[in-house]
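Single-structure report; data block below.
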Amino acid sequence: MSTGADIQVLFVDDDEQWATLTAGDIESEAADVHVTVVGSAHEALDALSAEVDCIVADYRMPGKNGIELLERVREEHPRLPYLLVTSQGSETVASRALDAGVTDYLIKDYGTDQTRDFVNKIHTSVEHNRLQRAIEESEERYRTVTEQSHDGIVILQSGKLRFCNERLIELTCRERESLQDGDIVADIVHRDDRDRVRAVIDSWFEGDEQSLLHEARIVRPDGTIRHCEYTGGQIDYRDEPAVMVSIRDVTERIRRERELRWERNLNRTIQEALVESRSRGSLEQKVTDQLQHHGYALAWIGEQAGGGVVPRHVGGDSRYLETIDRSLDAEDSDGEPSVLATATGGAQFCENVANLSSAAWAARAVQHDYRSCAAVPLVHNDIAYGVLAVYQEQPDRFDETEKRLLRELADTVAFGIHSLETRDALVADQSVEVTVELSDGHYLLYPARTGAFGHSETVDIVGTVPVDDETALQYIEVPGESATTIRDAVDDCPAVRETAVVTDDDPTRLRVTVTDPVPEVHLATRGIVVGSTTVAAETATLSFELESRADLRPTVDSLEDAFGSISVRTIADGTPESANDGDSPDTNATLTDKQLRALKTAHYNGYFEQPRESSATEIADLLGVSHPTFLHHLRAAQRKQLRPQFE
């Protein structure tokens, strides 16, 4: 709550309904704030008077935009608090606004209640402005109101601290007695910023009237760094020249801006790498190179092999990796983060390598000027593809934001590796065609469990489309039987949530929504496409293709763990052409999972038949997406499938 006089706010936005509702919410939240709403920059200039304490203006408006209005306001009211509201998180807009003298800005989010954000920024900016005016009018008045400021306030004379308010004590986490009459710059300012801060303060002592915002880092006794903005100017203090400095903590704002900038830039380059890469090796090399380009001294991707972690691709100087023990049997207390991440499956972050100098790897890291490091496993669908490790030349570089971003990046890279290896498996020159049989009643559509399917002894699963982690659509055909007979039998199965007839021609096709795990989805998440499934009494026969015979045992083991006893019936060498059957995309098309899901669901539901057996809206509902989203993915898939044929 503001403790000063009532605040008169001029709210400028061409969205009258939103502005009126927001103004009402602000007045309800803060009794001392009174809001007048106008719809354009022209109306704002007409309504502007000496009674206005703050302007809140939208960036996008007809005629003059919010920055152009700010420039006009600054001609006559150079210090009037001005908050810019924008629906864009653009750094260009923010930079222009700061150059024009905006007090603060806020990104408009229609989906959240931002009333408290508006009230806090209005209170803070108005109180800061009133404080500045009070200082200019009277030192005594200044001393009365400084303790009410949200900013740290200091008075300096001859380079020594003569006064500070309680907010500065909170900001620096120091005792007042330890700061009084001391060299405030040496005591609290980061060593790399001290010369610059001293130069600015000296200019104020010499009478420089500019009150531009400057940036500096404050270091707390525990080593924590707070990013601050400060402004100031010359005043009289006890009849002697002095400098007043107002310091605002902007750490959270800097963190958010850095997060957005780092995430946007890095994600863009990584996405480009995913699109452009045609092999796992090229993807990994591009990722490590981009990480080094974005500020890491060393970045590398390794995989488990031969009882240790073997580097696959390195961005930066690889000499450090050649000197450390990367075996997985290293003691946990001495284990290098990449080794621990591989062994435990959990992300590892070391904020200060020097604190672990007794470990051999840490001593060598310090020798190579690495002071902090992180390692994150590359895992997708419970399959480990290796580890991503990065190193910094400064300690304490991995805050919560960067840890989150690295984890998300690792997930993206693991998905990319999974997709490339799946594609490579489909186009491998030598593949293996495998037929396995599940027994012991572990397939949910066994006729013995669901009832007799008329005279038919088998059911064919012609397609499976995962919808989410718990649901899949399966398309079944039973030759020579009616839709009613099949539907009655299937409906008795507890794992079936609903059924629908796709076509009652011969063979009859039904769509079944299942909520129990099915082997087709289990294999698909591991990059294996099932060519066909035939369900008979007490058995189910699945045919699929593997990249090599070496993949057979792990695949069978994973199926047995999930579905019980598995018998391998046939193993045969495949051909390149067999990798591109009806259930897999053209290898040149590189369909995304969403595109493939849309294409398969449309096919199995008769969307391409004439007349159509299902509408786009019906298929979109099945997939749990909007009608436009389904059509977007379907058309993208069609373009990718057709382009190799005609180009």
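The values are calculated or read from the model by the stated rules, or taken from the named source; none is laboratory data. Just so it is clear, the model here is predicted, and its values are computed rather than measured. Heads up, the Cβs are rebuilt from the backbone with ideal geometry, glycines too, and the neighbour counts pull from every protein chain shown.
In the list V309, V275, which residue meets the criterion of being surrounded by fewer than 14 Cβ atoms within 10 Å (Cβ to Cβ), assigned by TED's automatic domain parsing to the domain that holds V366 and of a type in the set (V, I, T)? Don't jump to the end; show me each part of the working.
On the way: V309 fails: surrounded by fewer than 14 Cβ atoms within 10 Å (Cβ to Cβ).
Every option except V275 fails the conditions.
Which members of the stretch 229-251 meet the condition of being within 37 Å of the chain's Cα centre (by Cα) and of a type in the set (D, E)? Please lay out each step first, then the result.
Here is the first cut: in the stretch 229-251, the residues within 37 Å of the chain's Cα centre (by Cα) are 229-231, 246-251.
Listed by number, the residues that qualify are E229, D249.
Restricting the stretch 288-338 to residues that are among the basic types (K, R) and closer than 15 Å to R364 by Cα, which is nearest to the chain's Cα centre (by Cα)? First the steps, then the outcome.
The initial filter retains those residues of the stretch 288-338 that are among the basic types (K, R), namely 312, 319, 326.
Restricting the remaining residues to those that are closer than 15 Å to R364 by Cα gives 319, 326.
Numbers: R319: 32, R326: 30 Å.
Restricting to residues being among the basic types (K, R) and closer than 15 Å to R364 by Cα, the top hit is R326.
So how many residues does the stretch 33-52 have that are at pLDDT below 90 and under 36 Å from the mean Cα position of the chain (by Cα)?
Selection size over the stretch 33-52: 0.
What's the total number of residues in the stretch 82-91 that are surrounded by fewer than 17 Cβ atoms within 10 Å (Cβ to Cβ) and more than 16 Å from E257 (Cβ to Cβ)?
Of the residues in the stretch 82-91, 1 are surrounded by fewer than 17 Cβ atoms within 10 Å (Cβ to Cβ) and more than 16 Å from E257 (Cβ to Cβ).
Regarding V529, is this residue touching a helix residue (DSSP H, G or I) at 6+ places or on another chain (Cβ under 9 Å) and at pLDDT below 85?
Numbers: touching a helix residue (DSSP H, G or I) at 6+ places or on another chain (Cβ under 9 Å): yes; at pLDDT below 85: yes.
Answer is yes for this residue.
Quick check: is even one residue across the stretch 425-448 at pLDDT below 75 and closer than 19 Å to I301 by Cα?
No, the stretch 425-448 contains no residue that is at pLDDT below 75 and closer than 19 Å to I301 by Cα.
Residues are listed down the side, and each one gets a yes or a no for (1) touching a residue at least 60 places away in the same chain (Cβ under 8 Å); (2) surrounded by fewer than 20 Cβ atoms within 10 Å (Cβ to Cβ); (3) outside the structural domain of T92 (by TED's automatic domain parsing):
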residue	(1), (2), (3)
I235	yes, yes, yes
D239	no, yes, yes
R256	no, yes, yes
D289	no, yes, yes
V314	no, no, yes
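Any residue at all in the stretch 11-32 that is touching a Gly at 6+ places or on another chain (Cβ under 9 Å), crowded, with 21+ Cβ neighbours inside 10 Å and among the aliphatic types (A, V, I, L, M)? Spell out the reasoning first.
Restricting attention to the stretch 11-32, the residues satisfying the condition of being touching a Gly at 6+ places or on another chain (Cβ under 9 Å) are 12-16, 19, 32.
Cutting the leftovers down to crowded, with 21+ Cβ neighbours inside 10 Å gives us 12-13.
Narrowing the set further to residues that are among the aliphatic types (A, V, I, L, M) leaves 12.
There is at least one residue in the stretch 11-32 that is touching a Gly at 6+ places or on another chain (Cβ under 9 Å), crowded, with 21+ Cβ neighbours inside 10 Å and among the aliphatic types (A, V, I, L, M).
I'm told L388 meets every condition in (1) surrounded by 23 or more Cβ atoms within 10 Å (Cβ to Cβ); (2) part of a helix (DSSP H, G or I) except one. Can you identify the failing condition by its number?
Among (1) surrounded by 23 or more Cβ atoms within 10 Å (Cβ to Cβ); (2) part of a helix (DSSP H, G or I), the lone unmet condition for L388 is (2).
Let me confirm something: among V376, V339, V413, which residue is surrounded by 15 or more Cβ atoms within 10 Å (Cβ to Cβ), in a strand (DSSP E or B), touching a residue at least 12 places away in the same chain (Cβ under 8 Å) and assigned by TED's automatic domain parsing to the domain that holds V287? Reasoning before the result, please.
Details: V339 fails: in a strand (DSSP E or B); V413 fails: in a strand (DSSP E or B).
Going through V376, V339, V413 in turn, just one is surrounded by 15 or more Cβ atoms within 10 Å (Cβ to Cβ), in a strand (DSSP E or B), touching a residue at least 12 places away in the same chain (Cβ under 8 Å) and assigned by TED's automatic domain parsing to the domain that holds V287: V376.
Can we say I270 is within 30 Å of L213 (Cβ to Cβ), surrounded by 15 or more Cβ atoms within 10 Å (Cβ to Cβ) and not aromatic (F, W, Y)? Spell out how you get there, then give the answer.
Working: within 30 Å of L213 (Cβ to Cβ): no; surrounded by 15 or more Cβ atoms within 10 Å (Cβ to Cβ): yes; not aromatic (F, W, Y): yes.
In short, no.
For the stretch 476-487, check the following and say yes or no: at least one residue is within 30 Å of Y385 (Cα to Cα), out of contact with any Cys (no Cβ under 9 Å at 6 or more places or on another chain) and either without any contact (Cβ under 8 Å) to a residue 60 or more places away in the chain or surrounded by 17 or more Cβ atoms within 10 Å (Cβ to Cβ) (or both). It would help to see each step written out before you state the result.
Just the residues of the stretch 476-487 that are within 30 Å of Y385 (Cα to Cα), to begin with: none.
Checked against the condition, which is being within 30 Å of Y385 (Cα to Cα), out of contact with any Cys (no Cβ under 9 Å at 6 or more places or on another chain) and either without any contact (Cβ under 8 Å) to a residue 60 or more places away in the chain or surrounded by 17 or more Cβ atoms within 10 Å (Cβ to Cβ) (or both), the stretch 476-487 yields no hits at all.
Can you tell me which condition Y320 does not meet? The list is (1) assigned to a helix (DSSP H, G or I); (2) of a type outside the set (G, A, S); (3) out of contact with any helix residue (DSSP H, G or I) (no Cβ under 7 Å at 6 or more places or on another chain), and all the others hold.
(3)
Go through the stretch 201-228 and count every residue that is within 30 Å of the chain's Cα centre (by Cα), surrounded by 13 or more Cβ atoms within 10 Å (Cβ to Cβ) and more than 19 Å from D183 (Cα to Cα).
Here the count works out to 1.
Does V33 satisfy the condition of being touching a Cys at 6+ places or on another chain (Cβ under 6 Å), in contact (Cβ under 8 Å) with a residue 24 or more places away in the chain and within 18 Å of K121 (Cβ to Cβ)? Steps first, answer last, please.
Working: touching a Cys at 6+ places or on another chain (Cβ under 6 Å): no; in contact (Cβ under 8 Å) with a residue 24 or more places away in the chain: yes; within 18 Å of K121 (Cβ to Cβ): yes.
Spelling it out, it is not the case that V33 is touching a Cys at 6+ places or on another chain (Cβ under 6 Å), in contact (Cβ under 8 Å) with a residue 24 or more places away in the chain and within 18 Å of K121 (Cβ to Cβ).
Based on this model, can you work out whether T464 counts as crowded, with 19+ Cβ neighbours inside 10 Å and within 35 Å of the chain's Cα centre (by Cα)? Give the steps one after another, and end with the answer.
Details: crowded, with 19+ Cβ neighbours inside 10 Å: yes; within 35 Å of the chain's Cα centre (by Cα): yes.
When the stated conditions are applied, T464 passes them.
Each row is one residue, and each column tells you yes or no for (1) outside the structural domain of T22 (by TED's automatic domain parsing); (2) assigned to a helix (DSSP H, G or I); (3) surrounded by 15 or more Cβ atoms within 10 Å (Cβ to Cβ).
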residue	(1), (2), (3)
E75	no, yes, no
L80	no, no, yes
V93	no, yes, yes
A97	no, yes, yes
L106	no, no, yes
D109	no, no, no
T112	no, no, no
N120	no, yes, yes
S125	no, yes, yes
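Can you tell me how many residues within the stretch 238-252 are more than 22 Å from Y105 (Cβ to Cβ) and either in contact with a Leu (Cβ under 9 Å, 6 or more places away or on another chain) or part of a loop (DSSP other than H, G, I, E, B) (or both)?
So in the stretch 238-252, the residues more than 22 Å from Y105 (Cβ to Cβ) come out as 238-245.
Restricting the remaining residues to those that are either in contact with a Leu (Cβ under 9 Å, 6 or more places away or on another chain) or part of a loop (DSSP other than H, G, I, E, B) (or both) gives 238-239, 242-245.
Residues that pass the stated criteria total 6.
What are the residue pairs meeting all of these: first residue in the stretch 561-580, first residue of a type in the set (F, W, Y), second residue modelled with pLDDT under 75 and surrounded by 14 or more Cβ atoms within 10 Å (Cβ to Cβ), Cβ atoms under 9 Å, and 6 or more apart or on different chains?
F563/H442; F563/Y443
Give the residue, chosen from I55, I26, that is outside any helix (DSSP H, G or I), within 36 Å of the chain's Cα centre (by Cα) and in contact (Cβ under 8 Å) with a residue 12 or more places away in the chain. Write out each step before concluding.
Details: I26 fails: outside any helix (DSSP H, G or I).
Result of the check over I55, I26: I55.
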